[in-house]
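Notes follow the structure.
The values are calculated or read from the model by the stated rules, or taken from the named source; none is laboratory data. Small disclaimer: the values here were computed from a predicted structure and weren't measured. Here the Cβ is made from the backbone with ideal geometry for all residues, glycine too, and neighbour counts use every protein chain on show. All accessible areas refer to the heavy atoms of the entire protein, side chains included, with ligands and DNA or RNA removed. Shrake-Rupley method; radii C 1.70, N 1.55, O 1.52, S 1.80 Å.
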Amino acid sequence: MSDMEPIRIRKGGADDIPAIIALFDGAVEWLVARGRTGQWGTKPWSTNPNAVAMVEKYVTTGDPWIAEIDGTVVGTLTLTEGPGGDIIPKADEPERYVHLLAADHGRYAGRGVGRALLAHAARETRAQGVSLLRVDCYRGEDRALVAYYESNGFTATEPFTGPDGSWPGQVLAQRV
């Protein structure tokens, strides 16, 4: 594989669920290796029935996208019409919401997979005639993930905490 192989983004579907879960297993492993266990804990998503059910729900009811390099799945995100839970309220206007963003940080670190997927999400949102794209993320520790989304054109809006009050989150928005 050459570093020059382009990132190809294609429509995803239910057949991609195992690859998506594997991306999240890899992301957890990457975070744990860096001592960053607050975001997703220490156990692979594939061993967590709630995480697997969440992936299945969003992929089968949303608009999943898969990033590939030379035919290998290296990233994913799913767009929906709103946040999809009770903690974050829907916007007062049509929106697209990013769920399940993950990239292979092992062999493909620094290739811009996440950036390519977020740019694709913005283009898709615009193409659907919607001008608001939102996402939420973990805002703990050094707010590195919040800064990442800000570097991709998002603006931090409402902070929130998870259902048990221990998971600090941040909603971000982008006009597209």
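Computed over protein heavy atoms with a 1.4 Å probe, the accessible surface of the chain works out to 50 Å² per residue. Taking the average, over residues, of other Cβ atoms within 10 Å as the packing measure, peptides 142-152, 82-92 rank 142-152, 82-92 from highest down.
Listed peptides 56-67, 120-131 appear in the order 56-67, 120-131 once ranked by packing, highest mean of other Cβ atoms within 10 Å at the front. If you roll a 1.4 angstrom probe over the protein chains with everything in place, what fraction of the accessible area of region 17-176 belongs to carbon and sulfur, to the nearest %? About 52 percent, which is the carbon plus sulfur part of the accessible surface. Region 141-176 and region 1-65 have Cα centres lying 19 Å from one another.
Within a straight-line Cα-Cα reach of under 25 Å, LYS11 can be paired with the following lysines, leaving aside sequence neighbours fewer than 8 residues apart in one chain: LYS57, LYS90. Put a plus charge on the Cβ of each Lys and Arg, a minus charge on the Cβ of each Asp and Glu, and nothing anywhere else: the dipole of the chain about its Cα centre is then about 280 debye.
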